[in-house]
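Report on one structure; see the data block that follows.
Where a number appears in this text, it was derived from the coordinates with a stated rule and is not lab data. Given the structure is predicted, the values throughout are model-derived calculations rather than measurements. Quick reminder, even Gly has a Cβ in these numbers, built from the backbone with ideal geometry, and neighbours come from all protein chains shown.
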């Protein structure tokens, strides 16, 4: 017990420095999840990379899944900030949707590691993978809810577009999924094949948006 207490104490930050340690743990977890995969990464490997004992790491996260969910919410939180700016400055619902797609694409290309971690591969814990973007959003502080919050904002924009008199070919949630699938395909391709001789990235992003929007509008 004495050895455990000493290990935990050595890993505890001074008052006011806990946030720094938490970010160090998340950064180490992100690196290892990308390098070795979520399933292959252990708590001990993360603790070793941070330079603390496993018991000290548990002061901040109770398991590996909590770290992954925190990384997801951190990533989506940055995207939500961009969406909020669009909602505050743009009133036309169709223009909002276009800017949403543009913001999403640029966010992914500016943060390729985070995008690969959250959207490409099988890094998401099974408990979240089963509900995905349909997780209840009544509690915005629920771990892992960030993706569902982003998706709900897009659904709301499409519902507003429909309410303005524009006819949709499908329900707003299906249209939102189609919008995401289209832009995600472009972003994922560019991230996974950065050296591929794409014709014009800006045109590809705009072109995919044109294709999807034409497809969802009646």
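The fewest-to-most ranking of 206, 167 by surrounding Cβ atoms within 10 Å reads 167, 206.
Please give the calculated 222 nm ellipticity per residue for the chain, where each DSSP H segment of at least 4 residues contributes -39500 (n - 2.57) and the sum is spread over every residue; nearest 500 deg cm²/dmol? Don't skip to the answer; put the middle values down first.
Details: 11 runs with 152 residues, N = 218.
Calculated mean residue ellipticity at 222 nm is -22500 deg cm²/dmol.
GNM on the chain, alpha-carbon springs under 10 angstrom: the most fluctuating residue among 77, 207, 101 is 207.
Across all directions, the shadow cast by the convex hull of the range 52-155 built on its C-alpha atoms averages 7.7 square nanometres. Relative to the longest principal axis of the Cα atoms of the chain, the long axis of helix 201-216 lies at roughly 60 degrees.
Exposure proxy ranking for 186, 166, based on other Cβ atoms within 10 angstrom of each Cβ and starting from the fewest, stands as 166, 186.
Quick one: Debye curve from the alpha-carbon atoms of the range 100-189 only, equal weights, vacuum; give me log10 I(q)/I(0) at q = 0.13, 0.23 Å⁻¹ to two decimals. One equal scatterer on each Cα of the range 100-189 leads to -0.48, -1.30. At R0 = 22 Å, how high is the FRET efficiency between residue 80 and residue 168 if r is their beta carbon distance? Nearest 0.05 is fine. Once rounded, the FRET efficiency stands at 0.40. Considering the range 65-216 at the alpha-carbon level, its Rg and Dmax are found to be 15.3, 44 Å. Can you work out the PRE-style zone for residue 36? Point 7 Å along Cα to Cβ, and I want the residues of the range 45-62 with backbone N under 15 Å. Within reach of a label on residue 36, which here means backbone N under 15 Å from a point 7 Å along Cα→Cβ, the range 45-62 contributes 45-54.
Label zone of residue 120 (point 7 Å out along Cα→Cβ, amide N under 18 Å): in the range 31-45 this covers 31-39. I'd like the orientation of helix 93-110 relative to the chain: the angle between its Cα long axis and the longest Cα principal axis, in ° from 0 to 90, rounded to 10. Result, in degrees: 40.
Relative to the current alpha-carbon distance between residue 200 and residue 20, full extension at 0.36 nm per residue lengthens the span by 60.8 nm.
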